[in-house]
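Novice: Dumping the structure here so I can ask a few things about it.
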Amino acid sequence: MKKIIGVIVALFLVYGMPSSGHASPVTTGGEALFRSNCSVCHSMQPPPKTAPPVLGIASHYRKAFSGRDEAVAHMVKFMQQPKEDASILGSQAVARFGLMPAMSMATEELRRVAGWMWDQYDPAFTCK
């Protein structure tokens, strides 16, 4: 019984107390944030839903930026204030999908999502 209580306490320390169904921005990883906030519009791979797939986004960001930190910073800024001239995906993607709405997530949550998206890069994926 002491082991079970210890495990429960450890889980609360790592993941936080259960809440009203909203994940804690401190403990939620990029993938979980993506699934709960972004996957409604973005699929992982083609065919797209209503926005470009993650593999395509990751591929474009890898081509545009040499480092993760710079790419993540750009993604965060873009998610906070999407502008056509700041789109790494180009005018074809904007014409096809439009601009995404500004995300009202906390900056740290956006960093986690952006970092996770950067990490999804697949060199075998080709954008069409």
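Novice: Taking the alpha carbon gyration tensor of region 22-117, what are the square roots of 5 times its eigenvalues, largest first, to the nearest whole Å?
Specialist: Over the Cα atoms of region 22-117, the ellipsoid semi-axes are 20, 15, 13 Å.
Novice: Quick check: pseudo-label points 7 Å beyond the Cα along Cα→Cβ at K83 and C41, how many nm apart are they?
Specialist: Going from the K83 label point to the C41 one covers 1.8 nm.
Novice: What is the distance, in nm, between label points placed 7 Å from the Cα along the Cα-to-Cβ direction at T107 and at E31?
Specialist: With each label placed 7 Å out from Cα toward Cβ, I get 2.8 nm.
Novice: With only alpha-carbon pairs counted, each pair once and no self-pairs, how large is the Kirkwood hydrodynamic radius of region 37-90 in angstroms? Could you put the intermediate results ahead of the total?
Specialist: On the way: mean 1/r = 0.0859 Å⁻¹.
The Cα-based Kirkwood calculation yields 11.6 Å.
Novice: Continuing with this model, one more query. If a/c stays under 1.5 just call it rounded; otherwise compare a/b with b/c (prolate if a/b is bigger, oblate if not). Do that for region 68-128, with a ≥ b ≥ c from the square roots of the Cα gyration tensor eigenvalues.
Specialist: Here region 68-128 falls in the oblate category.
Novice: What does the charge count near G29 come to, summing +1 for each Lys or Arg and -1 for each Asp or Glu among other residues with Cβ under 15 Å from its Cβ?
Specialist: My count for the surroundings of G29 gives -1.
Novice: Could you give me the ³J(HN,Hα) list for region 43-57, computed from phi with Karplus coefficients 6.51, -1.76, 1.60 and θ = phi - 60°, whole Hz, x at Gly and Pro?
Specialist: My calculation for region 43-57 gives 8, 6, 9, x, x, x, 7, 10, 8, x, x, 4, 4, x, 4 Hz in order.
Any read-out appearing in this document is the output of simple, stated calculations on the displayed coordinates, not a laboratory observation. Note that the coordinates shown come from a computational prediction; the quantities given were computed from them, not determined experimentally. In this analysis, Cβ positions are derived from the backbone assuming ideal geometry, glycine residues included, and neighbour counts consider all displayed protein chains.
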